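The following block contains the structure, expressed as structure tokens.
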Amino acid sequence: MKADVYNLNNEVVGSMELPAEVFGAKWNATLVKQALDAQVANRRAPWAHVRDRSEVSGGGKKPWRQKGTGRARHGSTRSPIWVGGGKAHGPRNDKDYSQKLNKKMKRVALFTALSRKAKDGEIKIFETLAIDAPKTKVLTTTLKGAISLAKGGKRYDVLLVSDVTNKNLFRAASNLVKTKALAADSLNIFDILNHKNLFIDKEAIVAIGKHYKI
């Protein structure tokens, strides 16, 4: 599968062969959804938490004697039916929402998503994505030539994939709306599907092949 290679002025300067295993996979919606759901679930941090009767303070002494007062029998003020007592059946932060997905399934889902992007014309290969300084303005100038925005628009909606040494790009992208830079070995299904455009450094194509051992 051949693809044009662009420079930072958005001019075609050559072409390259893309690995069919990565960019020519058959679409599998079920697997992609499963991988996406697993990634989102594994990010989930259960912060909501209530204290049960073993965690609230007090309750060391029986409120009143068992018989003879005319009142109901109680053994502790930490009971859920008391004001200030422990809560019954509330949310707990020890709940595990994670989902298991093996490496092969993750890899196939990733390749499926990349292949769909390539088929829809949402992937561009660049000779290099390296910029001279870690400045947002420098990156903005580059992206303006490659993506057409409406007047006043600020959402480039692009995922930039480069090698780990391209630190200027990572810093410059951090301040842009709906723009993210990733190393080739950190690709994930969520970021690929969450951005319309995918710009990949030519060297990152090689790095992806090495990382996934294709």
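So that you can scan it fast, the table gives a plain yes or no per residue for (1) on the phi < 0 side of the Ramachandran plot; (2) assigned to a strand (DSSP E or B); (3) β-branched (Val, Ile, Thr):
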{"site": "3", "(1), (2), (3)": "yes, yes, no"}
{"site": "9", "(1), (2), (3)": "yes, no, no"}
{"site": "33", "(1), (2), (3)": "yes, no, no"}
{"site": "38", "(1), (2), (3)": "yes, no, no"}
{"site": "42", "(1), (2), (3)": "yes, no, no"}
{"site": "65", "(1), (2), (3)": "yes, no, no"}
{"site": "69", "(1), (2), (3)": "yes, no, yes"}
{"site": "79", "(1), (2), (3)": "yes, no, no"}
{"site": "96", "(1), (2), (3)": "yes, no, no"}
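Same structure, new question: Select from the range 183-203 the residues that are of a type in the set (A, V, I, L, M, F, W, C) and touching a residue at least 60 places away in the same chain (Cβ under 8 Å) and write down the one among them that is surrounded by the fewest Cβ atoms within 10 Å (Cβ to Cβ).
Within the range 183-203, the first condition is being of a type in the set (A, V, I, L, M, F, W, C), and the residues that meet it are 183-184, 187, 189-190, 192-193, 198-200.
So of that shortlist, the ones also touching a residue at least 60 places away in the same chain (Cβ under 8 Å) come out as 187, 189-190, 192-193, 198-200.
Details: 187: 23, 189: 24, 190: 13, 192: 23, 193: 17, 198: 20, 199: 25, 200: 26.
Among those that are of a type in the set (A, V, I, L, M, F, W, C) and touching a residue at least 60 places away in the same chain (Cβ under 8 Å), it is 190.
Considering each of 103, 61, 67 in turn, give the residue that is under 25 Å from residue 205 (Cβ atoms) and exposed (fewer than 11 other Cβ atoms within 10 Å of the Cβ). So that I can check it myself, show each step before the final result.
Details: 61 fails: under 25 Å from residue 205 (Cβ atoms); 67 fails: under 25 Å from residue 205 (Cβ atoms).
So the residue among 103, 61, 67 that is under 25 Å from residue 205 (Cβ atoms) and exposed (fewer than 11 other Cβ atoms within 10 Å of the Cβ) is 103.
Please go through (1) assigned by TED's automatic domain parsing to the domain that holds residue 23; (2) surrounded by fewer than 19 Cβ atoms within 10 Å (Cβ to Cβ); (3) aromatic (Phe, Trp, Tyr) for residue 82 and return the number of the only condition it doesn't satisfy.
So residue 82 meets the others, but not (1).
State whether the residues of the range 44-51 include one that is of a type outside the set (A, V, I, L, M, F, W, C), modelled with pLDDT under 95 and exposed (fewer than 10 other Cβ atoms within 10 Å of the Cβ).
No: zero hits.
Taking residue 15, is it at pLDDT 90 or above, surrounded by fewer than 13 Cβ atoms within 10 Å (Cβ to Cβ) and not in a loop (DSSP other than H, G, I, E, B)?
Values: at pLDDT 90 or above: yes; surrounded by fewer than 13 Cβ atoms within 10 Å (Cβ to Cβ): yes; not in a loop (DSSP other than H, G, I, E, B): yes.
Criteria met by residue 15.
Would you please name the residue that is farthest from residue 115 (Cα to Cα), looking only at residues in the range 1-41 that are free of Cβ contacts under 8 Å to residues at least 40 places away in the same chain and touching a Lys or Arg at 6+ places or on another chain (Cβ under 8 Å)?
Narrowing the range 1-41 to residues free of Cβ contacts under 8 Å to residues at least 40 places away in the same chain: 2, 11-12, 15, 17, 20, 29-30, 33.
Cutting the leftovers down to touching a Lys or Arg at 6+ places or on another chain (Cβ under 8 Å) gives us 15, 17.
Values: 15: 18, 17: 14 Å.
For the range 1-41, the residue satisfying everything is 15.
Which residue out of 154, 167, 180 is without any contact (Cβ under 8 Å) to a residue 24 or more places away in the chain, over 13 Å from the mean Cα position of the chain (by Cα) and in the same structural domain as residue 22 (by TED's automatic domain parsing)? Show your work before the answer.
Details: 167 fails: without any contact (Cβ under 8 Å) to a residue 24 or more places away in the chain; 180 fails: over 13 Å from the mean Cα position of the chain (by Cα).
On inspection, the qualifying residue turns out to be 154.
Output the residue which, of all residues in the range 147-197 that are in contact with a Leu (Cβ under 6 Å, 6 or more places away or on another chain) and of a type outside the set (A, V, I, L, M, F, W, C), is farthest from residue 104 (Cα to Cα).
Top of the filtered list is 156.
The values are calculated or read from the model by the stated rules, or taken from the named source; none is laboratory data. Keep in mind the model is a prediction, meaning the values are calculated, not measured. In this analysis, Cβ positions are derived from the backbone assuming ideal geometry, glycine residues included, and neighbour counts consider all displayed protein chains.
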